[in-house]
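Shown next, in structure tokens, is the structure this report addresses.
Just so it is clear, none of the values below were taken in a lab; they were calculated from the coordinates. Everything numeric here is computed off the predicted structure, so don't read it as measured data. Don't worry about glycine lacking a Cβ; one is built from the backbone with ideal geometry, like all the others, and counts go over all protein chains shown.
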Amino acid sequence: MMEPAVPKFQWGQRVQALLDLYNDGSFPECPAEALLVRTGDGGEIVQVGTHTESNTPVYLVEFGPNRVVGCLEAEIASA
């Protein structure tokens, strides 16, 4: 079994989206493939977890009211 990767970002940290993020089905109130976050939009990490199969960090980022999106490290950067 692989050891989980050490998260690059921490809870409470301000980040920005590095690319447009679309609905992958996580937001049932939005159409599939709807734009959720635009490149450059800022947010705050509200939870850090680990994808169990790949042992990679997953970040829940609040980009606005009712807009908490799961992100990978390649999708966000420090703001």
For this session: With a bin width of 10 angstrom, please list the P(r) values of the chain as percents of all Cα-Cα pairs, from the 0 bin to the one holding the largest distance.
Result: 19, 50, 27, 3
Exercise. Taking H as built 1.01 Å from N, whose amide H comes closer than 5 Å to the amide H of residue 41, not counting residues under 5 places away?
Worked result: 17
For this session: Would you kindly derive the ³J(HN,Hα) couplings of region 71-77 from the backbone phi angles with the Karplus curve 6.51 cos²θ - 1.76 cosθ + 1.60 (θ = phi - 60°), listing them in order in whole Hz, with x for Gly and Pro?
Result: 10, 9, 4, 6, 9, 9, 9
For this session: Report the calculated FRET efficiency for residue 2 and residue 60 (r = Cβ-Cβ distance, R0 = 25 Å), to the nearest 0.05.
Result: 0.65
Seminar exercise, completed: Label model pair residue 51, residue 20: point-to-point distance (7 angstrom along the Cα→beta-carbon line) in nm is 2.2 nm
For this session: Can you tell me the relative contact order of the chain? Whole percent, Cα pairs under 8 Å, sequence separation 6 or more.
Result: 33 percent
Problem set entry | Protection proxy ranking, peptides 18-31, 63-76, average beta carbon neighbours within 10 Å, highest first | 63-76, 18-31
